[in-house]
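K.L.:
The structure follows.
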Amino acid sequence: MALRLGRYFWKLFLANALVMAVVLAVSVWVIVSQLDQFRQEELSRHLFAQASALEVAVRDRFDLARAADLNALAKQVGSTEHEGVRVTFVLADGTVLGDSEANAAEMESHADRPEIQQALAAGSGESVRWSHTVAKYMDYVAVRVGSGDNTLGVVRLSMAVESIAALSKRARRLAVTMAGVSVLAAALLACALALLWSRPIRLLTEAARSISGGDLSARVEVVGTDEVAALGRSLNEMREKLSTHVDTIDRQRRTLDSLVSQLREGVVVADAAGRIVLVNAEAIGMLQPTQASSEESYVGKSVEQFLPHHKLQNLLCESAGRTSSGEVTSPAQAVNETKRSFEESTQEVELRLSTATGDRTVLARAFDVRLPADEATSSSETAAAQVGRALLLTDITELSKVMQVKADLAANASHELRTPLSAIRAAVDTLHSIDGKADADQIAQLIDVVDRHSGRMEAMIGDLLELSRLESGTGRFDAVRVSGATVLKECQESFASAVAAKKISWTISTPTEDVSITTSAALLGIILRNLIENAIRFTPTGGEIKLSVRKEENAVAFEVTDTGCGIARVDQDRIFERFYQVEQARSGPNRGTGLGLSIVRPAAAAIGARIELESAIGVGTRMTIHVPR
Amino acid sequence: MTTHFVNLLEDLRRRSARMASLVEDIVQEACESVLDANESLAERVIERDNDVDTEEVVVESEVIRLMALYQPVGSDLRLLCAILKINNDLERIADCAVNMAERARHMNRQAMSPQRDVITEMGLSVRDMLRNAIQAFATEDVEIAQSTFARDQHVDALYEKIIKQIVVEGAASSNGMAERLDVLSVAKNLERIADHATNIAEDVIFLATGEIVRHGDVAAKMKQD
């Protein structure tokens, strides 16, 4: 374990160490001073005892005459018996009889010394003061020689304070050494305690930090039942709950993300400040076809950067009836606001966008949405909701094409029906206006016109009915076993006269193998008849038409090939629409109903056949029907 | 700079980008009105030009206000300068679109027919250039900005082609001179729009890199000095 000691450790350690050091220091100081005092008392008692003993020894020879004796005694006792002890004999008048250190004869009167005065008065005295004689601080002890009414003098013993201190120094050094060792031990103990107490806290901190860093697998080892262990257990519980919540949120977000990204509609959501909040892949495909960036890279950008179209920018940024602030205060109010404004705020625009798959017609719808408030701007009390704006882009290219075809159908049908009808009306009007004398030929001609045009109308209405029956899928077509060769032969027979009239060469190739299929003979007939009719119509006199049938892997293919005018590439997709006729067909002499191929398509779909078209202008056309076997 | 200033600057940039796409829209409508001789669309273009004019004044005064109040430096100052210059170009582009729409009001489809294809191509190229320039401005994308320069030459070539065609036709017959002049005016305006789009792209490069790419020689010379 890498030992990274935190502040908490140092706090614990320093506090413990300080307390121990203070306690130790105070105890050592108290013990040492007590010891000093005790020694001091002991010493002065000792000095008194010595002084009293000396007093007994010198009592009977204590006078000036025996000063030399006393002086010798003083020097003997002072120098030999006690190192550092000074002995002085003083007469009651202050005259020094003998001294162990100095020459007694040269010494001044000692009558004014406080210990001597005390001793003379009370029998004993003590004082600590500066000695001029030996130039040291001294502790003086004096004992009176003689009884109270016959005072002879004073025996004074003194010891240098220095030597007293020197004596206690050893004891003191021992105490300090002991104190030092104890402080060291205390520091080690404090360190160990601090380590022990701070470790769980440090582990908790590390776990909490890794949780906040997103690692929800971090667990704390909990030992014991104390407060720290309780904290650890709470942390573990919190982690589990958090992990569950995060999982839930993550799952919801992923569900939402995948739903939004799979939508066939483009979705763009912007907040009140005009920043993109959400955008899906479909919207990017429609709006930024050249940029292959991910959805996330657009989030947070401004609407203007993402939407290159002014109308869409307006839709997304300008809500109808938006309050100026764009902020709604209470949630309930916000819901009402959103409900109300959903209807009012919805705006629609239809526009063309050029995307990777070509020009698309897109219906853009924008409406207000309530977004969760921005953390940075919301105050905690009012759960303020932000009103953003959502843009829904629906690709209506196919729909608008269908609508166009429907609109065209109505217009075309009425137009196509009116043309023969007006011819008929004109003929009938002429018939009305001419009198009986009229030419029989003329009348026959007019009747012929009526006949021809009413026939055309009938054919057209028949086709329309057939078409609607096919498209609605209500008609029932029973499948029977038919031979491809037979079907072609029937077609050949029914169109023989028309082909002969246009002097078209007409070849049919059927294979020797069996090309039977199970399908609706009626529908197959309708398809082939329409294709052959077209081939005959658009093939000029002297042209060539080939019919063939061949076996394929899973199908039988019928082919109608002509050497007609061909169909331009732009028209190839549209010729299967109702009433759609290419320019030549519309203006040429041999116009049809414009419904033939539009019947072929649903008929082919009904029998599961696939139509293939190959054509080149001026060369001819080949239509192939693959009918499943 | 203060957050307040940053917000104001961002609002202004967005406003300018919005104006840019409004202008793009107007140009598209102008092109359509000319090609389809659609009079009501032409009226709409002329009407929407007023919005551009209003917006131009608002943007310009906001630029000046921000410059005076906050005395920006560095990229902020460059952005304000670029917005100011692009603002001017956008307004001129809208004016060109109005000129085209005014031609469209009394043009007939037949008069267009010989040059219709070239005008269509020119219109597409110019709109592409403008869209790229505006996209570059919105996203501060130097690469997109540079792509406009090459297209400008293409537009110039188309413009020359139209002039040649008109000269040849005019020499052949003096009939329909007025219509031919209309076509010429439309082409001229498209060419101008392309020039303004190039200016915008240059300003975007200045905005993004601080380099002045206009008049290549002059800038190079200044650097040498």
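K.L.:
Looking for something within 22 Å of B:Glu191 (Cα to Cα), of a type outside the set (Asp, Glu) and buried (at least 21 other Cβ atoms within 10 Å of the Cβ) - is there at least one such residue anywhere in the stretch B:57-66? Quick ask: steps written out before the conclusion?
P.N.:
As a first pass, look at the stretch B:57-66 and keep what is within 22 Å of B:Glu191 (Cα to Cα): none.
The answer is no, given that none of the residues of the stretch B:57-66 is within 22 Å of B:Glu191 (Cα to Cα), of a type outside the set (Asp, Glu) and buried (at least 21 other Cβ atoms within 10 Å of the Cβ).
K.L.:
Right, A:Ala585: modelled with pLDDT of 70 or more and either buried (at least 18 other Cβ atoms within 10 Å of the Cβ) or within 29 Å of A:Ser483 (Cα to Cα) (or both) or not? Steps first, please.
P.N.:
Values: modelled with pLDDT of 70 or more: no; either buried (at least 18 other Cβ atoms within 10 Å of the Cβ) or within 29 Å of A:Ser483 (Cα to Cα) (or both): yes.
Considered against the rule, which asks whether it is modelled with pLDDT of 70 or more and either buried (at least 18 other Cβ atoms within 10 Å of the Cβ) or within 29 Å of A:Ser483 (Cα to Cα) (or both), A:Ala585 comes out as no.
K.L.:
(1) at pLDDT 65 or above; (2) under 33 Å from the mean Cα position of the chain (by Cα); (3) not hydrophobic (A, V, I, L, M, F, W, C): which one isn't true of A:Thr397, the others all being true?
P.N.:
The number of the failed condition is (2).
K.L.:
Next up: Within the stretch A:294-313, which residues are more than 8 Å from every other protein chain (Cβ to nearest Cβ), part of a helix (DSSP H, G or I) and of a type outside the set (Asp, Glu)?
P.N.:
A:Ser297, A:Tyr298, A:Phe306, A:Leu312
K.L.:
So which of A:Arg233, A:Arg264 is more than 19 Å from the chain's Cα centre (by Cα), outside any helix (DSSP H, G or I) and of a type in the set (Lys, Arg)?
P.N.:
Exactly one residue qualifies, and that residue is A:Arg264.
Table: residues versus (1) away from chain A (no Cβ under 14 Å); (2) in a helix (DSSP H, G or I); (3) among the aliphatic types (A, V, I, L, M).
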residue: B:Ala104; (1), (2), (3): yes, yes, yes
residue: B:Met107; (1), (2), (3): yes, no, yes
residue: B:Asp117; (1), (2), (3): yes, yes, no
residue: B:Glu143; (1), (2), (3): no, yes, no
residue: B:Lys161; (1), (2), (3): yes, yes, no
residue: B:Arg180; (1), (2), (3): yes, yes, no
residue: B:Asp203; (1), (2), (3): yes, yes, no
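K.L.:
Right, something else. Out of the residues in the stretch A:606-620 meeting the condition of being under 30 Å from A:Ser414 (Cα atoms) and modelled with pLDDT of 80 or more, tell me which one is surrounded by the fewest Cβ atoms within 10 Å (Cβ to Cβ). Quick ask: steps written out before the conclusion?
P.N.:
Our first condition is that a residue be under 30 Å from A:Ser414 (Cα atoms); within the stretch A:606-620, this holds for A:606, A:611, A:613.
So of that shortlist, the ones also modelled with pLDDT of 80 or more come out as A:611, A:613.
Details: A:Ile611: 17, A:Leu613: 14.
Filtering first and then ranking leaves A:Leu613.
K.L.:
For the stretch B:14-34, check the following and say yes or no: at least one residue is touching a strand residue (DSSP E or B) at 6+ places or on another chain (Cβ under 8 Å), surrounded by 14 or more Cβ atoms within 10 Å (Cβ to Cβ) and within 14 Å of chain A (Cβ to nearest Cβ).
P.N.:
The first filter runs over the stretch B:14-34 and keeps only residues touching a strand residue (DSSP E or B) at 6+ places or on another chain (Cβ under 8 Å), leaving B:14, B:17.
Applying the additional criterion that residues be surrounded by 14 or more Cβ atoms within 10 Å (Cβ to Cβ) yields B:14, B:17.
Next cut, within 14 Å of chain A (Cβ to nearest Cβ) only: B:14, B:17.
Yes, some residue in the stretch B:14-34 is touching a strand residue (DSSP E or B) at 6+ places or on another chain (Cβ under 8 Å), surrounded by 14 or more Cβ atoms within 10 Å (Cβ to Cβ) and within 14 Å of chain A (Cβ to nearest Cβ).
K.L.:
When you go through (1) within 14 Å of chain A (Cβ to nearest Cβ); (2) within 17 Å of the chain's Cα centre (by Cα) one by one for B:Arg44, which number turns out not to apply?
P.N.:
Evaluating B:Arg44 over (1) within 14 Å of chain A (Cβ to nearest Cβ); (2) within 17 Å of the chain's Cα centre (by Cα) leaves (2) as the failure.
K.L.:
Could you please tell me which pairs satisfy a Cβ distance under 7 Å, a separation of 6+ or placement on different chains, a first residue in the stretch A:271-283 that is more than 11 Å from A:Leu371 (Cβ to Cβ), and a second residue that is assigned to a helix (DSSP H, G or I) and charged (D, E, K, R)?
P.N.:
Sorted first by the residue in the stretch A:271-283, then by its partner, the pairs are A:Gly274/B:Arg14; A:Val279/A:Glu295; A:Asn280/A:Glu295; A:Ala281/A:Glu295.
K.L.:
Only one of A:Leu242, A:Leu216, A:Leu278 is part of a helix (DSSP H, G or I) and either assigned by TED's automatic domain parsing to the domain that holds A:His310 or among the aliphatic types (A, V, I, L, M) (or both). Can you tell me which?
P.N.:
Answer to the check: A:Leu242.
K.L.:
Among what's in the stretch A:78-117 and is touching a Ser or Thr at 6+ places or on another chain (Cβ under 7 Å) and part of a helix (DSSP H, G or I), pick the residue that is nearest to A:Ala142 (Cα to Cα).
P.N.:
A:Glu115
K.L.:
Confirm whether A:Val246 is farther than 19 Å from A:Phe9 by Cα and in contact with a Lys or Arg (Cβ under 6 Å, 6 or more places away or on another chain).
P.N.:
no
So that you can scan it fast, the table gives a plain yes or no per residue for (1) closer than 24 Å to A:Gly84 by Cα; (2) among the small types (Gly, Ala, Ser):
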{"site": "A:Ala104", "(1), (2)": "yes, yes"}
{"site": "A:Gln117", "(1), (2)": "yes, no"}
{"site": "A:Glu126", "(1), (2)": "yes, no"}
{"site": "A:Thr151", "(1), (2)": "no, no"}
{"site": "A:Val183", "(1), (2)": "no, no"}
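K.L.:
Hey, can you tell me all the residues within the stretch B:128-147 that are among the charged types (D, E, K, R) and under 17 Å from B:Ile86 (Cβ atoms)?
P.N.:
Once the filter is applied, which keeps residues that are among the charged types (D, E, K, R) and under 17 Å from B:Ile86 (Cβ atoms), the stretch B:128-147 yields B:Arg131, B:Glu140, B:Asp141.
K.L.:
Which of the residues spanning the stretch A:548-580 are more than 60 Å from the chain's Cα centre (by Cα), assigned to a loop (DSSP other than H, G, I, E, B) and under 21 Å from A:Gly594 (Cβ atoms)?
P.N.:
A:Gly564, A:Cys565, A:Gly566
K.L.:
How many of the residues making up the stretch A:18-37 are surrounded by 12 or more Cβ atoms within 10 Å (Cβ to Cβ), hydrophobic (A, V, I, L, M, F, W, C) and over 60 Å from the mean Cα position of the chain (by Cα)?
P.N.:
Total meeting the criteria: 5.
K.L.:
Still on this structure, please answer the following. Checking B:Thr198 against (1) of a type in the set (Val, Ile, Thr); (2) over 25 Å from B:Ala97 (Cβ atoms); (3) modelled with pLDDT of 85 or more: exactly one of these is not met. Which one?
P.N.:
For B:Thr198, the failing item is (2).
Residues are listed down the side, and each one gets a yes or a no for (1) closer than 21 Å to A:Leu64 by Cα; (2) not aromatic (Phe, Trp, Tyr):
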site	(1), (2)
A:Thr95	yes, yes
A:Gly98	yes, yes
A:Glu101	yes, yes
A:Pro114	no, yes
A:Gly125	no, yes
A:Tyr137	no, no
A:Ser158	no, yes
A:Ala186	no, yes
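K.L.:
Quick one: A:Phe48 ticks every box in (1) out of contact with any Leu (no Cβ under 9 Å at 6 or more places or on another chain); (2) at pLDDT 85 or above bar one, so which box is it?
P.N.:
Unmet condition: (1).
K.L.:
Across the stretch A:513-547, what is the total count of residues that are at pLDDT 80 or above, of a type in the set (Gly, Ala, Ser) and outside any helix (DSSP H, G or I)?
P.N.:
3
K.L.:
Separate question: Which one of these is in contact with a Ser or Thr (Cβ under 6 Å, 6 or more places away or on another chain), on the phi > 0 side of the Ramachandran plot and modelled with pLDDT under 85: A:Gly214, A:Gly274, A:Gly300?
P.N.:
Checking each option against the conditions leaves just A:Gly274.
K.L.:
Mind listing whichever residues of the stretch B:138-161 are touching a Lys or Arg at 6+ places or on another chain (Cβ under 9 Å) and at pLDDT below 90?
P.N.:
Within the stretch B:138-161, B:Ala138, B:Thr139 meet the criteria.
K.L.:
How many residues, within the stretch A:229-250, are exposed (fewer than 12 other Cβ atoms within 10 Å of the Cβ) and of a type in the set (A, V, I, L, M, F, W, C)?
P.N.:
Residues meeting the conditions: 1.
K.L.:
Taking the criterion of being surrounded by fewer than 12 Cβ atoms within 10 Å (Cβ to Cβ) and either in contact with a helix residue (DSSP H, G or I) (Cβ under 7 Å, 6 or more places away or on another chain) or modelled with pLDDT of 80 or more (or both), would at least one residue in the stretch A:192-204 satisfy it? Break it down stepwise before answering.
P.N.:
Keep residues of the stretch A:192-204 that are surrounded by fewer than 12 Cβ atoms within 10 Å (Cβ to Cβ), which gives A:196.
Retained after the next criterion (residues that are either in contact with a helix residue (DSSP H, G or I) (Cβ under 7 Å, 6 or more places away or on another chain) or modelled with pLDDT of 80 or more (or both)): A:196.
Looking through the stretch A:192-204, at least one residue is surrounded by fewer than 12 Cβ atoms within 10 Å (Cβ to Cβ) and either in contact with a helix residue (DSSP H, G or I) (Cβ under 7 Å, 6 or more places away or on another chain) or modelled with pLDDT of 80 or more (or both).
K.L.:
Let me ask something else. Going through B:Ala133, B:Ala138 one at a time, which residue ends up being buried (at least 19 other Cβ atoms within 10 Å of the Cβ), within 13 Å of chain A (Cβ to nearest Cβ) and in contact with a Phe, Trp or Tyr (Cβ under 9 Å, 6 or more places away or on another chain)?
P.N.:
Details: B:Ala133 fails: in contact with a Phe, Trp or Tyr (Cβ under 9 Å, 6 or more places away or on another chain).
It is B:Ala138.
The values are calculated or read from the model by the stated rules, or taken from the named source; none is laboratory data. This is a predicted model, so every value here is computed, not measured. Ideal geometry is used to build each Cβ from the backbone, glycine not excepted, and the neighbour counts take in all protein chains shown.
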